[in-house]
Amino acid sequence: MSILIDENSKVIIQGITGREGRNRSKLMKEYGTNVIGGVTPGKGGQEVNGVPVFDTVAEIVEKYNGIDASAIFVPAPLVKDAAIEAIVAGVKLLLIVPDRVPIHDVLEIAQYAKECGAKFIGPNTLGILSVDKAVLGMIGGKAKSAKEWFKKGNVGVTSRSGGITSAMSYYLGQNGIGLTTIVHVGGDSVIGLPHNEIVKLFQKDPETKLIVMFGEIGSSQEEKVAELIKNGEVTKPVVAYIGGKGAKSGTRFSHAGAIVEGNKGTYAGKVKALKEAGAYVVDSFLDIPKVVKEVNKEKSE
Amino acid sequence: MAKLYEFQGKSILQKFGVAVPEGKAVEGIEEAINVSNEIGFPVVVKIQTWSTGRAALGGVQFANSIDELKETCENFFKMKVGNFNIERLLIEKKLNIVQEFFVGFIINGEEKKPTLIFSSKGGSGIEEIAKEYPESLFSYNIDVIRGLKAYEIIPLLIKVGVDKKLLNKMASTIIKLYNAMRGSDARSLETNPLVLTEAGKIVAADAHIVIDDYGVFRHPEFGIEIAREFDRPPTELEKIAYLVEKNDYRGTFYFFQMNEKLKSEENYIGFHGAGGGGSMMSMDAVAKKNYKIANFCDTSGNPPASKVYKAAKIILSQPNITGYFASGSGVASQEQFHSARGFVKAFLEESLDVPAVLRLGGNSEEIAIDILNKYLGNLNVKVLGYGKNDSPDFCMDKLDELIKENGKKSHRVKKIKEKNLDDYNYKFETMTGSINIDHNVCKNCPTQSCVKSCNYNILKIEDGVPVLAIEKEDVKKGKCIECLACEIACKFNGRNGLYIHLPIEGLKEYREKITKE
C-alpha cells in the first residue's frame, strides 16, 4: 500500500503542452504513473509524450470514466481556474505545482475542494511519489534518478521543503531504509494537505510503519501533529526535524510558510510540543537515518 | 509581505466605499500647512510607518494652530522608527469620536478562509482587547465563494453589544472592508479604530493593510517596489536583484543582504542557496565554521542558467567577501548543469578572486561538476564542485581550507566592462538578453561547437556560419532557454566568436558607484 497515489491511479496533467508539463509528463510516465492524458485549452487533439491532449478536464473525465488525480503545471495566475475546473469535473486529488499562486486564489480553490469533497496538495510543491508505483509532480526530476534514489520499504516521508523531500528520502535509502510514499506538502502558508493531514493518512496505511517529518518554522502544522500523537490518533513513531533554528522572528527564507510571527510557529515551540507528545526530534538533519534505525530496532524488540 | 502605508490603505478603503477622514499625506512642512489650512484646524498629524503602535511611540499628535503644526512636523521628520526614517506624514481633520471599534481580517491558514475579527471596543491593540474585554469580541470565518453577507454579521454584532441603530450601517461597512481585503489581495487588513463620529458616520480612522506578495502583480497601482517583506528599506543591490526576478518568471530568485557594509578581514561568505530548506541547513554549516553570511540568495524551482548567472554577478557585487558558498538541498530534481554553466560564465567574467565551493548534488551532478572542472581550472583561485553524497558541513570545511590557502584575501568588486555588441554582426534577442555572433570569426569553424552544444536545436550552419534554425520571435518567447552552453562551448572549443549578453538593470551603475567609494 501507499498513500494518495499508486500505479492504478488515473492521472492527467493540466498544462501538459508547456515547458514543465511536457518535461514532467515524461518523468511520470516513465516512472510508472498511469498518465491518461493532458489538458490545455485550445490544444485538444494534439499528443504529448504519447498521451492525448484535451481542451477540457470534463471531456477527459467523461471519456475515461473518471480521473483520480490531476497534476497542475500552468502559470501561477491561471492556477485558480485550472484547479476549479478539475474539482468541478469530479477529480478528487489535485497537485498544484506552481509557486507564487495568490493566496486569495488558494482560498477559493480550498472552498471548492471542500464543497466537492476533493483534496489538493500544494501550491508550491514538488509532488508526491509512491515508491516503485507512481509519481505525481516532479520528484526525482527524471525517472531514472527517481528509481535509483528512492528505495521501497515501510517509512513514510512528509516534508515542507521540496529539495529536502528528495534529499531526506535519498539519504534514508543510502542507509538501507526504504519508503512507502514521500510527500512534499508545499512551501506556502496556506496549503491543501499540511503535515497533520498527511500523517493521518500514513497512520491508516498498513504498510507504513514509521513516519519521517521535515518541519519548518511558521504555521502550526507540526504542533498539530504533536496533538495527534498526544490524543492517540497517531500511534506510529514519528521522527522529526525542524528547520529554521537560526532564523530570527520576521525573517523569511524563500518559503512563504517559513515565517515566524510573534510567538506562533517558533522553532522552540514546535520542538517542545513534538518532544512532549513523544515524537523523536533530531537536532541535526543528517541524524535522521540513524534515529530511524534506532527506533525501528526499539519497536521490533 | 508588502505592507502599505496608512495613507495608501485609506485610499483603497475609499475606493471600496468606506469613509475615511478628510486629509492628505505630505512630505514637507510647507505642504502640511497648506493641507491643514485647506481642511481646517484642529488636525491630527500621523507619522507614516509600516509598524503598528505608532501612538505609543508618540507618532500621533494633534495640532490646533500653525505653530503647533510646525513644531510637530519638525519633530516627526527627525524621528526614526526601527531602521526607517519618517518620510511622510498624514494630515487629517480631527474627528469627533463617540465610539471606537476594531475590525480586522486575516487569513486563517488552518481553516483556509479569511477570518473577520470584530470588537466593539477599539483603540488599543487586539491582544489587549481580547484580554480585557473578551465579551466585546467575535471572529467569523468567511466563505469566499458566497462572500460575506449582512445576515451573517448582524447577529454577531448584537451579541457583542453594538447599538441596534448602528447594525445595518456597521454590517455594510464591514462588508465593504471585506471587499477591500479581497479586492486588493490583502493578507491582512485592519482598521483600528473604526469610529462612530458625532455626526453619526462610521469612519475608518486607521488602515493597516498587508498585500500578499503573490498578488502584487495584479496591483501595479500600489507602486510596491519589492513585493517581499523587509524590516528596513531595501538596499540598492536588493532592488537590482528584485528587478531580475520580476522580469523573469522561470524559477525563483530571492536575494537579501544580511550585512550591507562588509569590512574586510571579517570572514564574510557570499551565500548562494537553492531551495529554502537546504539553504537554511547550509547557512547553519557556514555559521558553525564561524563565518558570517553576507547575503542570503536562493535560485530554485528550475531556473535557467542565465538567472543563476545573474544571481552570481549580484552576489559578487559585494566587496570583501572571502569565499563563495553555493549549497542547496543536495538532491535536486533539476538538472544541475544549468546552474554550473551560470556559475562558469559569471566566474570567468569576474575573474573570480576568492575561492568557491559549489555543492551541486542532484540530477546530472557529474556533468555539472565536470563543467566546473573543465572551464574554471585556469582561475587564480580554486572552485570545487560537490555532489549529493557530500554534506553541507563537509563542503564548508573544504571552503574554509581554501579560504585559508588564499590567505583570507577579500573580494574586490570590479567595474563591469561590457563588450561592444557592434563587434558582432549576427545577433538575436533571447528572453532576457541577446546572443551575438561574429561571423567573420566563425566562418568555416571546424568544430561547430555552438550548434552541437545546443540541445534545443535553435542554431544551424548555413554557408559555413551558425544562424538561427527557428523564428526570431520564438527565440524571444523562450524557445532558447538561455542555457549558455553555446557560449561556453565556443569559448573553449571554437573560436570565441559568440557572446551572450545578459544585462542586469542597474548593476553597472551600482558597481561604478561602489568602486569609487
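Rounded to the nearest 0.05, the FRET efficiency derived from the C-beta distance between B:Asn455 and A:Glu207 at R0 = 45 Å is 0.65.
Note: the stretch B:22-94, Cα convex hull, 74 Å³ per residue. Both radii are taken from the alpha-carbon atoms of the stretch B:67-224; with Rh as the Kirkwood radius, Rg/Rh is 1.00. Based on alpha carbons, the Rg and Dmax found for the stretch B:156-203 are 11.9, 33 Å. According to the Kirkwood relation over distinct C-alpha pairs, the hydrodynamic radius of the protein assembly as shown is 28.7 Å. Taken about its Cα centre, the stretch B:28-105 carries a charge dipole of about 280 debye when Lys and Arg each add +1 at the Cβ and Asp and Glu each add -1 at the Cβ. Cross-linked pairs A:Lys119/A:Lys204; A:Lys147/A:Lys293; B:Lys80/B:Lys310; B:Lys388/B:Lys476; A:Lys80/B:Lys176; B:Lys310/B:Lys427: Cα-Cα separations exceed 28 Å for B:Lys80/B:Lys310; B:Lys388/B:Lys476.
Only helical runs count toward this figure. For chain A, summing -39,500 (n - 2.57) over DSSP H runs of n ≥ 4 and dividing by all residues gives -11000 deg cm²/dmol at 222 nm.
With the convex hull of the Cα atoms taken as the outline of the stretch B:236-405, the averaged projected area works out to 8.3 nm². Here the contact order of chain A, divided by its residue count and restricted to Cα pairs under 8 Å and six or more residues apart, works out to 14 percent. Here the label points at B:Lys292 and A:Glu233, each 7 Å from Cα along the C-beta direction, are separated by 4.7 nm in the simple model. Each residue of the stretch B:48-64 was assigned a 3J(HN,Hα) from its phi angle through the Karplus expression (A = 6.51, B = -1.76, C = 1.60, θ = phi - 60°), giving 9, 10, 8, 8, 8, x, 5, 4, 5, 7, x, x, 10, 9, 9, 9, 9 Hz with x at Gly and Pro.
On a straight-distance basis, which aspartates and glutamates could pair with B:Lys460 in a cross-link, Cα separation under 14 angstrom, same-chain partners fewer than 8 positions away excluded? Hits, sequence-local ones excluded: B:Glu471. Taking 0.36 nm per residue of separation and subtracting the Cα-Cα distance, full extension of the segment from B:Phe394 to B:Phe62 would add 113.4 nm. At 7 Å along Cα-to-Cβ for each site, give me the label-to-label distance between A:Lys245 and B:Ala199 in nm. Modelled inter-label distance: 6.0 nm. At q = 0.13, 0.22, 0.27 Å⁻¹, work out log10 I(q)/I(0) for the stretch A:153-219 with the Debye formula, treating every Cα as an identical point scatterer and leaving solvent out; two decimals please. Listed by q, the Debye log ratios stand at -0.33, -0.88, -1.20. Overall size of chain A from C-alpha positions, given as principal axis extents largest first: 55, 41, 30 Å.
For the stretch B:330-403, what does the alpha-carbon gyration tensor say about shape, rounded, prolate or oblate, given a ≥ b ≥ c as the root eigenvalues, a/c under 1.5 as rounded, and a/b over b/c as prolate? Oblate. Bin width 10 Å, alpha-carbon pairs only: give the P(r) of the stretch B:364-439 as whole percents, running from 0 to the bin holding the largest distance. In whole percents, the pair-distance histogram is 14, 26, 32, 21, 7. What's log10 of I(q)/I(0) for the stretch B:335-480 at q = 0.17, 0.18, 0.19, 0.21 Å⁻¹, Debye sum over Cα points only, no solvent? With no solvent term, the Cα-only Debye profile gives -1.09, -1.15, -1.20, -1.30.
Give, in whole angstrom and from largest to smallest, the semi-axes √(5λ) of the equivalent ellipsoid of the stretch B:385-427, with λ running over the eigenvalues of the Cα gyration tensor.
The equivalent ellipsoid of the stretch B:385-427 has semi-axes of 37, 19, 7 Å.
So if I average 1/r over every pair of distinct C-alpha atoms in the stretch A:10-121 and take the inverse, what Kirkwood radius in Å does that give?
13.6 Å
Each 5 Å bin from zero up to the one holding the largest Cα-Cα distance in the stretch B:421-501 carries the following percent of pairs: 3, 18, 30, 29, 16, 4, 0. Helix-only mean residue ellipticity at 222 nm, chain B, DSSP H runs n ≥ 4 weighted -39,500 (n - 2.57), per residue, nearest 500. What is it? Theoretical 222 nm ellipticity from helices: -10000 deg cm²/dmol. Scanning residues 5 or more positions from A:Val212 or on other chains, those with amide H under 5 Å from its amide H are A:Gly156, A:Val157, A:Thr158, A:Val239, with H placed 1.01 Å from N in the peptide plane.
Peptides A:96-106, B:506-516, ordered by how many other C-beta atoms sit within 10 Å of their residues on average, highest first, read A:96-106, B:506-516. Summarising the amide proton neighbourhood of A:Val48: residues at separation of 5 or more, or on other chains, whose placed amide H is nearer than 5 Å comprise A:Val53.
Across the alpha-carbon set of the stretch B:156-302, the Rg to Rh ratio works out to 1.17, Rh being the Kirkwood radius. Peptide A:120-128 shows a mean partner chain C-beta count of 1 within 10 Å per residue C-beta. Here nothing in chain A passes the span test, since no DSSP H helix has an alpha carbon length of 30 Å or more along the helix axis and a Kyte-Doolittle mean of 0.0 or above. Label positions at B:Asp163 and B:Tyr140, each projected 7 Å from the Cα along the C-beta direction, are separated by 2.0 nm.
The A:Asp81 and B:Ala150 beta-carbon pair, evaluated with R₀ = 35 Å, returns a calculated FRET efficiency of approximately 0.75. Between the alpha-carbon centres of the stretch B:368-430 and the stretch B:51-98 there is a gap of 51 Å. Over all pairs of different C-alpha atoms, chain B has a mean inverse distance whose reciprocal, the Kirkwood radius, equals 26.5 Å.
Near the amide H of B:Val98, within less than 5 Å, lie the amide hydrogens of B:Leu196, B:Thr197, B:Glu198, all on another chain or at least 5 residues away, with H placed in the peptide plane. Note: relative contact order over chain B, using C-alpha pairs below 8 Å and six or more positions apart, is 10 percent.
Here is the P(r) of the stretch A:150-300: all C-alpha pair distances, binned every 5 Å from 0, give 2, 10, 21, 25, 22, 13, 5, 2, 0 in whole percents.
Centroid-to-centroid, using Cα positions, the stretch B:465-517 and the stretch B:235-299 are 24 Å apart.
When only alpha carbons are used to place a centre, the stretch A:148-162 and the stretch A:87-123 end up 24 Å from one another. In the stretch A:48-194, the C-alpha radius of gyration followed by the widest Cα-Cα span (Dmax) gives 15.6, 46 angstrom.
Read-outs: derived from the displayed coordinates by stated rules, not from any lab. Predicted model only: the values in this text are computed from it and were never measured. Cβ atoms come from the backbone with ideal geometry, glycine included; neighbour counts cover every protein chain shown.
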